[in-house]
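Everything below concerns the one structure shown next.
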Protein chains: 2
Amino acid sequence: MRVAEPTVERLVQYYRFLRQLHEEGRRVISSQDIGLTLGLKASQVRKDLSYFGEIGKRGVGYHVERLYDHIRNILSSPRVWKMGLVGVGHLGTALLGYNSLRSDKFGIEALFDVDPQKVGTSLGGISCHHVEDMPRIMQEKDIRVIILTVPAHAAQYCVDKALESGRLRGILTFTPVPVVVPRDVLVYGVDISVEMEKLLFYLKQEEVS
Amino acid sequence: MRVAEPTVERLVQYYRFLRQLHEEGRRVISSQDIGLTLGLKASQVRKDLSYFGEIGKRGVGYHVERLYDHIRNILSSPRVWKMGLVGVGHLGTALLGYNSLRSDKFGIEALFDVDPQKVGTSLGGISCHHVEDMPRIMQEKDIRVIILTVPAHAAQYCVDKALESGRLRGILTFTPVPVVVPRDVLVYGVDISVEMEKLLFYLKQEEVS
DNA sequence: TTTTGTGAAGTTTTTCACAGCG
DNA sequence: CGCTGTGAAAAACTTCACAAAA
């Protein structure tokens, strides 16, 4: 079944909220209350959840633990993805220590950089290799996904190196340039300065009116 | 005029690409070529640009420098926004040094944290204050926008402190929890782990098929 | 009575397709 | 002829509104 991207995004939010509710000992929750907390219409919440079968109880709501397990299953991964972090600068280091990026669905198995000061060292128990060695290391470690935190001008080069390994399946990029990949490689990511520009744009709008 | 969010997002991308083209000395570009580079349909590019008047030349394309100036105007800000960075951890520090976040539309005028080790010091010439002092400092410095890079559990508290100043107009958040604000405060942001979950979700989909 | 699940309606965004201008 | 600008169509996404279940 094809699940729309906005729905996946909200599922992750439902999942987090449900964990919190579960920890607080709450047993049951309505679409209304989920929506209130997450800033969504109740009908949106119900529609999202309905794509995956009837999970709620009419007149009652959703059983917190049951719905939690249900969404965990939807979001679950059939394998543990091995990842490489490319670009051990400020942002890369930040991500390495970022709690919300811990998960049992993936693990960062190698770091890559071009700085001779960093290559050969290790950070958080993960050793750093030269970008040139990506094809070999990715093959050896079966790394299929990379997190890209390199400067814009280096992005495409690093991606090409990763592609050389023949294993690359996905990229999480923080680089503010589009990268070119074959159609079977997925690219998701975040462009921080775009978010900033959006904020400034709509702040301006309000300023005028 | 109301401009849709997806359009603003793409305008930022056009703007960057045009800068690059301009630096390369290119004089003219077609919607086709813009789309090819940025992964968009030519019709999408033309539609976006048409919202702001007829700027291209039929049979020719868009004049790079003219279009560049045009989009700069659209994205321009009527003021220089003063911002505070709340949470001087790994991510906050990374953003401070992040090149793509430099702009003449805003400046980071103060740092805030709760760690006594950080309060009183300064980073990149910007001094760090205690979160408790946000209301006063924000008033003194006329800070109207905050960048939130605090742990999830601290987010709402920091936002409430910022609201106390009476100046808060916008938030750029990196926190994986929704924050509650009055309707006249804009919130944009990025949830890194949501992007990761999306990537993993669609990787899984491909795995199956 | 309460709250879900869901077709149908509504809204937003993208794509098409072609007239119109250089 | 080539490429833009743009109504109209299509697709994607959200909201409504109500029947049905607990």
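The values are calculated or read from the model by the stated rules, or taken from the named source; none is laboratory data. Nothing here was measured: the structure is a model prediction, and the numbers come from that model. All Cβ positions, glycine included, derive from the backbone under ideal geometry; neighbour counts span all protein chains shown.
Annotation: residue B:172 fulfils all but one of (1) crowded, with 21+ Cβ neighbours inside 10 Å; (2) within 14 Å of the chain's Cα centre (by Cα); (3) within 16 Å of residue A:99 (Cα to Cα); the unmet one is (3). When the test is whether a residue is farther than 16 Å from residue A:3 by Cα, exposed (fewer than 14 other Cβ atoms within 10 Å of the Cβ), within 14 Å of DNA strand D (Cβ to nearest atom) and among the polar types (S, T, N, Q), residue A:43 passes it. Residues satisfying the criterion are present in segment A:9-23 (criterion: without any contact (Cβ under 8 Å) to a residue 12 or more places away in the chain, surrounded by 14 or more Cβ atoms within 10 Å (Cβ to Cβ) and within 16 Å of DNA strand C (Cβ to nearest atom)). When we screen A:177, A:208 for residues that are within 21 Å of residue B:7 (Cα to Cα), surrounded by fewer than 18 Cβ atoms within 10 Å (Cβ to Cβ), modelled with pLDDT under 95 and out of contact with any strand residue (DSSP E or B) (no Cβ under 8 Å at 6 or more places or on another chain), the only hit is A:208. Filtering segment B:66-116 to residues that are within 7 Å of chain A (Cβ to nearest Cβ), in a helix (DSSP H, G or I) and farther than 16 Å from residue A:194 by Cα leaves B:90, B:91, B:93, B:94.
Across segment A:46-71, the number of residues qualifying as of a type in the set (Lys, Arg) and either more than 9 Å from DNA strand D (Cβ to nearest atom) or touching a Phe, Trp or Tyr at 6+ places or on another chain (Cβ under 7 Å) (or both) comes to 1. Every condition in (1) outside any helix (DSSP H, G or I); (2) at the interface with chain B (Cβ under 10 Å from one of its Cβ atoms) is met by residue A:143 except one, and the failing one is (2). Scanning segment B:146-174 for residues that are in contact with a strand residue (DSSP E or B) (Cβ under 9 Å, 6 or more places away or on another chain), small (Gly, Ala, Ser) and within 11 Å of another protein chain (Cβ to nearest Cβ) yields a single hit, B:170.
Residue count for segment A:24-40, restricted to those that are aliphatic (A, V, I, L, M), farther than 19 Å from residue B:153 by Cβ, surrounded by 15 or more Cβ atoms within 10 Å (Cβ to Cβ) and within 14 Å of DNA strand D (Cβ to nearest atom): 3.
For segment B:146-164, the count of residues that are over 30 Å from residue A:20 (Cβ atoms), aliphatic (A, V, I, L, M) and out of contact with any Ser or Thr (no Cβ under 6 Å at 6 or more places or on another chain) is zero.
Residues in segment B:184-209 that are part of a helix (DSSP H, G or I) and of a type in the set (Val, Ile, Thr): B:192, B:194, B:208.
The single residue among B:177, B:181 that is within 9 Å of another protein chain (Cβ to nearest Cβ), part of a loop (DSSP other than H, G, I, E, B) and out of contact with any His (no Cβ under 6 Å at 6 or more places or on another chain) turns out to be B:177. Annotation note: of A:187, A:159, the sole residue that is under 17 Å from the mean Cα position of the chain (by Cα) and of a type in the set (A, V, I, L, M, F, W, C) is A:187. Might you let me know whether segment A:186-203 holds any residue that is more than 18 Å from residue B:196 (Cα to Cα), away from chain B (no Cβ under 14 Å) and in contact with a strand residue (DSSP E or B) (Cβ under 7 Å, 6 or more places away or on another chain)? The answer is no; no qualifying residue exists. Within segment B:109-144, the set of residues being exposed (fewer than 13 other Cβ atoms within 10 Å of the Cβ) and touching a Leu at 6+ places or on another chain (Cβ under 6 Å) comprises just one member, B:124.
Just checking, how many residues over segment B:15-57 are outside any helix (DSSP H, G or I) and more than 14 Å from chain A (Cβ to nearest Cβ)?
Total meeting the criteria: 12.
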